[in-house]
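S.K.: Would you mind keeping the following structure in view while I ask a few things?
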Amino acid sequence: METRKNQNIESANLVLNMIEDMDLNREILEEVSEDAITILSARDQNQASELTSKGADHVFVEEEAAADKIYDIIKQKGIPEDE
């Protein structure tokens, strides 16, 4: 957290946090400028919804991203969706 405080995120144009820590994410959203793009990480969709409602531009949910990637791989390999 000390590193973040030394970074002066209040004037940042983009804030990216891939640590799934809701307390840290909430602090970031309180400190960052409304004009900044915020990309955060959450453990699940409930946390993602909370962060989005508090102003996050995008919230990365690892499980969903992994599922999307697996789907893309299967689709690229030509496996029919109904199998």
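Bear in mind these aren't lab numbers, they're just calculated from the coordinates by the rules spelled out. The structure displayed is predicted, hence computed values, not measured ones. Reconstructed Cβ throughout: ideal geometry from the backbone, glycine too, with neighbour counts over all protein chains shown.
S.K.: Give, as ranges by residue number, the residues of the stretch 6-27 whose backbone N falls under 13 Å from the point 7 Å along Cα→Cβ of residue 34.
M.R.: Within reach of a label on residue 34, which here means backbone N under 13 Å from a point 7 Å along Cα→Cβ, the stretch 6-27 contributes nothing.
S.K.: Return the sequence-ordered ³J(HN,Hα) values of the stretch 46-63 in whole Hz as given by the Karplus equation 6.51 cos²θ - 1.76 cosθ + 1.60 applied to θ = phi - 60°, using x for Gly and Pro.
M.R.: 4, 5, 4, 4, 4, 5, 5, 5, 8, x, 5, 6, 8, 10, 8, 10, 4, 4
S.K.: At q = 0.12, 0.19 Å⁻¹, work out log10 I(q)/I(0) for the chain with the Debye formula, treating every Cα as an identical point scatterer and leaving solvent out; two decimals please.
M.R.: Rounded to two decimals, the profile gives -0.43, -0.79.
S.K.: Which whole-number percent is the relative contact order of the stretch 2-76 (Cα, under 8 Å, 6+ apart)?
M.R.: Relative contact order comes out at 26 percent.
S.K.: Same structure, new question: Provide the packing ranking of 34-47, 61-74, i.e. peptides ordered by the mean count of other C-beta atoms within 10 Å per residue, highest first.
M.R.: Top of the packing list down: 34-47, 61-74.
S.K.: Let me have the 222 nm mean residue ellipticity of the chain computed from DSSP H runs of 4+ only, each contributing -39500 (n - 2.57), with the sum over all residues rounded to the nearest 500.
M.R.: -13500 deg cm²/dmol
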